[in-house]
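The values are calculated or read from the model by the stated rules, or taken from the named source; none is laboratory data. As the structure is a prediction and not an experimental result, all values here were calculated from the model. So basically every Cβ, Gly included, is an ideal-geometry build from the backbone, and we count neighbours across all protein chains shown.
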Ligand code: SF4
Ligand code: SF4
Ligand code: SF4
């Protein structure tokens, strides 16, 4: 005769099940410690391919670009030249960098003595001296070259988008439409290898873009600063290879404000916290499954 309360199911042997439960929980704890450790500490070296706790020493011979924004006409020839060289197509007028436009002109509307004026600002990868994108890239698709540019090899990209989160200038863009990898300006490393200057500076009709060695570029920017100009890129994110000058503040131009400290340290913290969240999630899931199992055994 089946037991009414038991509804025909075999009554669980609580002593044995509790032993199993303890074993499971113990097993879980045994497992969760190394799993948590693996996520928090074990993967960290993968992301720490470059040591960035020490200040970056940059050779004055590395290449750089001076962008004198007050000379810029906003004609977008540089944008078109970039798209042509990188075979991204023509006739596209983006408002921000995108997989189809690795550089773009941003415009800020200002009112000057009752008249509306548009301030153009060219925007692209800044080629940081200590690039956080390189620091987090697990496949070395992004590399800081000794010549200065931060190169990008699409064939090594796995589309994880860590670089997208890590970049303080919000530059790498994920290409959802095509090959699901990121895209960013490479400083025309392929042209530089052939002894050519970058496509954008080669077409500027008013010499608002000056390509050269970093020492010369910094010298020109310092001279402009001495004469009252604002400068951007020299110290932002620990220093970059693109140096901007302007007669009006960069805040007024709508160029993002970026801290002066090098960012790889922040990106490590960010990844640490992401991995910590994953580890916490795994632990919480394990605890919850033990709770559910116990509840079931207790008939709850
Ligand atoms: S601007 Fe962003 S993508 Fe470019 S080098 Fe710096 S961190 Fe990398
Ligand atoms: S998306 Fe590509 S380039 Fe960016 S971090 Fe991942 S592998 Fe590196
Ligand atoms: S080509 Fe020169 S002037 Fe024209 S938008 Fe580009 S930087 Fe400005």
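Annotations for the structure displayed:
- Cross-chain or 6+ apart pairs with Cβ under 8 Å, region 193-212 first and farther than 15 Å from residue 123 by Cα and free of Cβ contacts under 8 Å to residues at least 24 places away in the same chain, then assigned to a loop (DSSP other than H, G, I, E, B) and within 16 Å of ligand 1 (Cβ to nearest atom): 196/188; 197/188
- Subset tally (residues that are within 13 Å of ligand 3 (Cβ to nearest atom) and outside any loop (DSSP other than H, G, I, E, B)) for region 57-83: 11
- Search result, residues across region 101-132 that are surrounded by fewer than 17 Cβ atoms within 10 Å (Cβ to Cβ) and part of a loop (DSSP other than H, G, I, E, B): 113, 114
- Single unsatisfied condition, residue 95 versus (1) part of a loop (DSSP other than H, G, I, E, B); (2) within 16 Å of ligand 2 (Cβ to nearest atom): (2)
- Residues that are in contact (Cβ under 8 Å) with a residue 60 or more places away in the chain and surrounded by fewer than 19 Cβ atoms within 10 Å (Cβ to Cβ), drawn from region 158-172: 165, 170
- Taking region 199-213 as the range and being within 16 Å of ligand 3 (Cβ to nearest atom) and under 21 Å from residue 236 (Cβ atoms) as the test, the residues that pass are 200, 201, 208, 209, 210, 211, 212.
- Qualifying residue in region 185-192 (condition: over 22 Å from residue 234 (Cα atoms) and within 11 Å of ligand 2 (Cβ to nearest atom)): no
- All of (1) without any contact (Cβ under 8 Å) to a residue 24 or more places away in the chain; (2) in contact with a strand residue (DSSP E or B) (Cβ under 7 Å, 6 or more places away or on another chain); (3) under 20 Å from residue 181 (Cα atoms); (4) within 16 Å of ligand 3 (Cβ to nearest atom) hold for residue 102 with one exception: (1).
- Some residue of region 137-146 being more than 14 Å from ligand 1 (Cβ to nearest atom), modelled with pLDDT under 95 and in contact with a strand residue (DSSP E or B) (Cβ under 9 Å, 6 or more places away or on another chain): no
- Positions within region 74-93 being away from ligand 1 (no atom under 16 Å from the Cβ) and within 16 Å of residue 182 (Cβ to Cβ), in sequence order: 88
- Top-ranked residue in region 154-198 [being on the phi > 0 side of the Ramachandran plot and under 11 Å from the mean Cα position of the chain (by Cα); ranked as nearest to ligand 3 (Cβ to nearest atom)]: 170
- Residue 87 vs. criteria surrounded by fewer than 19 Cβ atoms within 10 Å (Cβ to Cβ) and either assigned to a strand (DSSP E or B) or modelled with pLDDT under 95 (or both): yes
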